[in-house]
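So the structure is just underneath, and the comments pick up after that.
The values are calculated or read from the model by the stated rules, or taken from the named source; none is laboratory data. Since the structure is predicted, the reported quantities are computational estimates derived from the model, not experimental observations. Counting neighbours? That spans all protein chains shown, and the Cβs are built from the backbone with ideal geometry, glycine included.
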Amino acid sequence: MNEIRKVGVVGLGTMGAGIAQVSVQAGFETVGREVSEELAERGRATIERYLTRGVEKGRLLQEERDTALRRLTLTTELSGLADCDLVIEAVLEELELKREVFAELDRLTVPGTILATNTSALSVSEIAAAAQHPERVVGMHFFNPAPVLPLVEIVRTSQSSDEAVNLAYHWAERAGKQPVRCNDTPGFIVNRILIPLLNDCVRALDEADVRPEDMDKAMTNGAGWPIGPCALIDLIGIDVHVHASEALHGKLGEARMAPPERLVHMQHEGKLGRKTGAGFYTY
Ligand SMILES: NC(=O)c1ccc[n+]([C@@H]2O[C@H](COP(=O)([O-])OP(=O)(O)OC[C@H]3O[C@@H](n4cnc5c(N)ncnc54)[C@H](O)[C@@H]3O)[C@@H](O)[C@H]2O)c1
């Protein structure tokens, strides 16, 4: 197999819906798989909403929106992805669940199909080990929101074939993304660096007695960040960031990687950032 024509996306949650949108907008026939018809329709509705907003804002034509939506089909069965050339998994961040999905995908698809996981913090190698053909498994780590952020980390395990890595890389390029290759190390590239850095910013709030507004003012004006660290954590979601910090800390053990107490408190209080209307800021 040397060309990807049809793409499967497992899970149409936040990331899966975004990835499916990227795929249909780039012209690929795309099958989205959800656990129920209701969730599948909800995933489609999310994509439709974002594409419609794109038309309203003049980023795409009505006809392009309609054509893109027609490329999306839905299924509730993993077997509905059997004829895909690339399948990207975006289910919950749970190792056993992902391993089950990969064992099934490995059994249901032809050996040439590339199987990719969008995991943020799990080991791609451990997920791939559930497949009989781990050489066709890679990581494709998109960033949230997937239709907006250009980066995709293409993660190779020690068993990934060059063909699988290259096909995933070139597909991401054709989908309008900016892929980079990296090994399967904890946090890959961006999270390995960003998670401890954001945690440092949160610790400095208390150590230096700084208000979140001033921390953001400091980092945007003094370090040239496009967005302040507190606003960024609110956007990521406090729960998502705490979870990723715990995972990175569990693997690499650096004290800075552990979630700061302040974030753990915010999580317990249900202040999860933008999605709950309150985090460092009120929305
Ligand atoms: N949210 C982010 O910022 C972000 C960024 C990059 C990568 N990721 C990764 O993407 C993946 C998905 O994250 P998300 O934020 O889209 O989560 P989400 O909660 O929005 O979606 C989770 C998906 O998993 C599916 N699911 C739940 N239980 C299932 C089961 N038993 N079997 C099969 N599917 C099941 C849901 O139906 C849903 O489609 C995770 O691995 C996460 O680490 C998330």
Looking at (1) within 16 Å of the ligand (Cβ to nearest atom); (2) modelled with pLDDT of 95 or more, can you tell me which one residue 52 breaks?
(1)
Pairs returned, first residue in the range 11-35 that is closer than 14 Å to residue 141 by Cα, second residue that is buried (at least 23 other Cβ atoms within 10 Å of the Cβ) and of a type in the set (Phe, Trp, Tyr), beta-carbon separation under 8 angstrom, 6 or more apart or interchain, are 15/142; 18/142; 19/142; 22/142
How do the helices (runs of 4 or more DSSP H) wholly within the range 199-283 filter down when requiring 1 or more residues that are at pLDDT 95 or above, more than 22 Å from residue 122 (Cα to Cα) and not hydroxyl-bearing (Ser, Thr, Tyr): which remain?
212-222, 229-236, 261-268
Out of everything in the range 32-42 that is surrounded by fewer than 24 Cβ atoms within 10 Å (Cβ to Cβ) and not basic (Lys, Arg), what residue ends up being farthest from residue 87 (Cα to Cα)?
38
Kindly provide the set of residues from the range 106-150 that are in contact with a helix residue (DSSP H, G or I) (Cβ under 7 Å, 6 or more places away or on another chain) and of a type in the set (Phe, Trp, Tyr), ordered by number.
142
Condition (residue is more than 14 Å from the ligand (Cβ to nearest atom) and either farther than 29 Å from residue 118 by Cβ or surrounded by fewer than 17 Cβ atoms within 10 Å (Cβ to Cβ) (or both)) applied to the range 271-279: is it met by at least one residue?
yes
Within the group 8, 13, which residue is crowded, with 22+ Cβ neighbours inside 10 Å and within 16 Å of the ligand (Cβ to nearest atom)?
8
Residue list for the range 152-187, restricted to those being under 17 Å from residue 123 (Cα atoms), of a type outside the set (Gly, Ala, Ser) and touching a residue at least 60 places away in the same chain (Cβ under 8 Å)
184, 186
Can you find a residue that is out of contact with any strand residue (DSSP E or B) (no Cβ under 8 Å at 6 or more places or on another chain), assigned to a helix (DSSP H, G or I), farther than 30 Å from residue 252 by Cβ and within 12 Å of the ligand (Cβ to nearest atom) anywhere in the range 104-115?
yes
Test of understanding: among 34, 63, 41, 77, which residue is over 26 Å from residue 184 (Cβ atoms) and either away from the ligand (no atom under 16 Å from the Cβ) or in contact with a His (Cβ under 9 Å, 6 or more places away or on another chain) (or both)?
63
Residue 214 being among the acidic types (Asp, Glu) and more than 15 Å from residue 258 (Cβ to Cβ):
yes
Of all residues making up the range 85-132, the number that are over 18 Å from residue 181 (Cα atoms), surrounded by fewer than 19 Cβ atoms within 10 Å (Cβ to Cβ) and either without any contact (Cβ under 8 Å) to a residue 60 or more places away in the chain or more than 15 Å from the chain's Cα centre (by Cα) (or both):
16
So the check is Cβ under 7 Å with 6+ separation or different chains; which pairs have a first residue in the range 244-256 that's farther than 16 Å from residue 119 by Cβ and a second one that's of a type in the set (A, V, I, L, M)?
249/257; 249/258
For the range 54-61, indicate whether the set of residues that are surrounded by 18 or more Cβ atoms within 10 Å (Cβ to Cβ) and within 28 Å of residue 237 (Cβ to Cβ) is non-empty.
yes
Among the residues of the range 80-103, how many are of a type in the set (D, E, K, R), modelled with pLDDT of 95 or more and within 13 Å of the ligand (Cβ to nearest atom)?
5
